[in-house]
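Supplied in structure tokens, the structure appears directly below.
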Amino acid sequence: MRREILLMVEEALNCRGTSRGEGAVDCAGKFNAQLLDAIDAHLGRPEEIGESTIYEDAVSYLRRLGNPRFLRKSGGVKEAAFYQYACIDKSTWSELKWNRVKPSKKTVFKLILALELTQEEAEALLGKVQAAFDPAEMQDQVILAMVNLREQGYELSVDDAAQVLDYYRENGPRPFNSIYDTPEILAERKKQGKG
């Protein structure tokens, strides 16, 4: 969120005070009445039961994609088809579904790419696991570049993303283990002397 918007909201809150009128400062004419009414309406809403889980967000984004490969005619989600496409193992998906453990950044990256999220959505999802795109990490920057390319209209499947990461893992300025590297792939690379 842009800093100037936060400052405007803070100033508007100071002008209007709380819904009980505490600490209100008269700022008549200083702010757009619609903006103030929208802020008041937001503050007057009952508290949300809780923040959505990563699983709930993933299902919501999956429905938005509208890909029949992952959706049933009844409106349900074909979870197995999706988590296999996203290269997420069944146990990790189950942990996400039942909100048992906080997923790894690697798992969130897989969701970001498979769900075709925008940069803003990706950053929000990463924020749920107290992570962010790290400018010092080559893999993070390659994934962010792919997210931005999608926003510009490029089609990138999970297979395409895996190939791009493999290319930069092998040819990039800094080595890294791809989010799609499985223990089997890593063992094979070590056996061949590449890893």
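The values are calculated or read from the model by the stated rules, or taken from the named source; none is laboratory data. As the structure is a computational prediction, the values presented were derived from the model and not from experiment. Neighbour counts run over all protein chains shown; Cβ positions are idealised from the backbone, glycine included. Areas reflect the complete protein model, heavy atoms only, side chains present, ligands, DNA and RNA absent. Shrake-Rupley method; radii C 1.70, N 1.55, O 1.52, S 1.80 Å.
Looking at the structure I just gave you, is residue 52 open to solvent by 40 Å² or more (accessible area, probe 1.4 Å), among the small types (Gly, Ala, Ser) and in contact (Cβ under 8 Å) with a residue 12 or more places away in the chain?
Working: open to solvent by 40 Å² or more (accessible area, probe 1.4 Å): yes; among the small types (Gly, Ala, Ser): yes; in contact (Cβ under 8 Å) with a residue 12 or more places away in the chain: no.
Considered against the rule, which asks whether it is open to solvent by 40 Å² or more (accessible area, probe 1.4 Å), among the small types (Gly, Ala, Ser) and in contact (Cβ under 8 Å) with a residue 12 or more places away in the chain, residue 52 comes out as no.
Please specify each residue of the stretch 55-69 satisfying the condition of being surrounded by fewer than 17 Cβ atoms within 10 Å (Cβ to Cβ) and hydrophobic (A, V, I, L, M, F, W, C).
Scanning the stretch 55-69 gives a single hit, 65.
A follow-up question, please. Taking residue 149 as the residue in question, decide whether it is within 20 Å of residue 70 (Cα to Cα), surrounded by 12 or more Cβ atoms within 10 Å (Cβ to Cβ) and in contact with a Leu (Cβ under 9 Å, 6 or more places away or on another chain).
No: the conditions fail for residue 149.
Considering only the stretch 76-110, how many residues are of a type in the set (Val, Ile, Thr), under 16 Å from the mean Cα position of the chain (by Cα) and part of a loop (DSSP other than H, G, I, E, B)?
Selection size over the stretch 76-110: 1.
Any residue in the stretch 70-81 that is closer than 17 Å to residue 60 by Cβ, surrounded by 14 or more Cβ atoms within 10 Å (Cβ to Cβ) and touching a helix residue (DSSP H, G or I) at 6+ places or on another chain (Cβ under 6 Å)?
Scanning the stretch 70-81 turns up at least one residue that is closer than 17 Å to residue 60 by Cβ, surrounded by 14 or more Cβ atoms within 10 Å (Cβ to Cβ) and touching a helix residue (DSSP H, G or I) at 6+ places or on another chain (Cβ under 6 Å).
Is it the case, given these coordinates, that residue 173 is loosely packed, with under 14 Cβ neighbours inside 10 Å and over 18 Å from the mean Cα position of the chain (by Cα)?
Working: loosely packed, with under 14 Cβ neighbours inside 10 Å: yes; over 18 Å from the mean Cα position of the chain (by Cα): yes.
Here the answer is yes, as residue 173 does meet what is asked.
I need the full set of residues from the stretch 111-123 which are open to solvent by 30 Å² or more (accessible area, probe 1.4 Å) and either touching a residue at least 12 places away in the same chain (Cβ under 8 Å) or over 13 Å from the mean Cα position of the chain (by Cα) (or both), in order please.
116, 118, 119, 121
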